[in-house]
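The values are calculated or read from the model by the stated rules, or taken from the named source; none is laboratory data. These figures come from a predicted structure and were not determined experimentally. Don't worry about glycine lacking a Cβ; one is built from the backbone with ideal geometry, like all the others, and counts go over all protein chains shown. Accessible surface is based on the protein model in full, side chains and every heavy atom, while ligands, DNA and RNA are left aside. Shrake-Rupley method; radii C 1.70, N 1.55, O 1.52, S 1.80 Å.
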Amino acid sequence: MNRILILFAHPALEKSKVQISLLKAAQSVDGVTIHDLYELYPDGLIDVVYEQDALTEHDIILFQHPFYWYSAPAMLKEWQDLVLEYGFAYGASGNALRGKTLANIISAGGSKNSYSTHGHNRYSIIDLLRPFDQTANLCGMNYLPPFAVHRTHDMPKEKIEMYAELYRQLLWKLQRDLPSEETLASLRYLNDWVQS
Ligand SMILES: Cc1cc2nc3c(=O)[nH]c(=O)nc-3n(C[C@H](O)[C@H](O)[C@H](O)COP(=O)(O)O)c2cc1C
């Protein structure tokens, strides 16, 4: 079984509709570890050793967050800046993450179509997530396409629940399997892999 660690970042969870449902879905899957960063570190002081130990003990790392200004909320950036240290995550002797897998689990206000050359967001989600892709690459990790919930504004409760169930199935599947090289060559979203 692949051991999954979710680094969850939402700065206003009390207002959340989508991420709170995805979080509850993740909490219902046995054996998944969740670090709710804003809850764990209300003063912003991240326990680097605790976080690095957790990374060492897991195979698949998921950054779960709303898409904020085409990236992640600030706490997840702080986590990266502090936890992915030289000599641990990268550099000549920084091999701790080698061979592990990284993916983003995101929700975005913008529609799928808006994230294209012809849409008002101009770039695809895949393009905008390149800094995460390259971070994974530098650390010797495999980067998967994202799981994404688009067009979150006014999304009906039933549709949110449908995505939460899909996410639960994704976690279950990731514990047992990873997309093959062949599948990855044409996969844009993990949503499509779990539905296949
Ligand atoms: C500060 C902020 C920045 C945001 N930036 C983006 C963005 O760059 N692209 C986008 O599609 N949606 C953006 N949104 C919308 C959020 O992604 C969306 O409201 C969120 O994913 C919904 O999940 P929630 O119900 O868990 O909060 C932004 C929202 C906020 C509050």
Net charge contributed by nearby residues that have their C-beta within less than 15 Å of S180 (K/R +1, D/E -1): -2
Shape box of region 1-64 [Cα atoms, principal axes, largest first, Å]: 32, 28, 14
Rounded to 5, percent antiparallel among DSSP beta bridges of region 4-195: 5
Heavy-atom surface of the chain, accessible at 1.4 Å and reported per residue (Å²): 52
Whole-Å semi-axes of the ellipsoid equivalent to region 22-117 (Cα gyration tensor, √5λ, descending): 24, 17, 15
Percentage, to the nearest whole number, of Cα pairs in the chain over 26 Å apart: 29
Protein accessible area in region 4-195, 1.4 Å probe - carbon and sulfur %: 50
Evaluated at q = 0.14, 0.16, 0.19 Å⁻¹: base-10 log I(q)/I(0), Debye formula over Cα of region 95-196: -0.60, -0.78, -1.05
Ordering of 166-176, 86-96 by packing [mean C-beta count within 10 Å, highest first]: 166-176, 86-96
Förster radius 25 Å - calculated FRET efficiency between D127 and T33, Cβ distance, rounded to 0.05: 0.25
For the chain: relative contact order, % (alpha-carbon pairs under 8 angstrom, 6 or more apart): 25
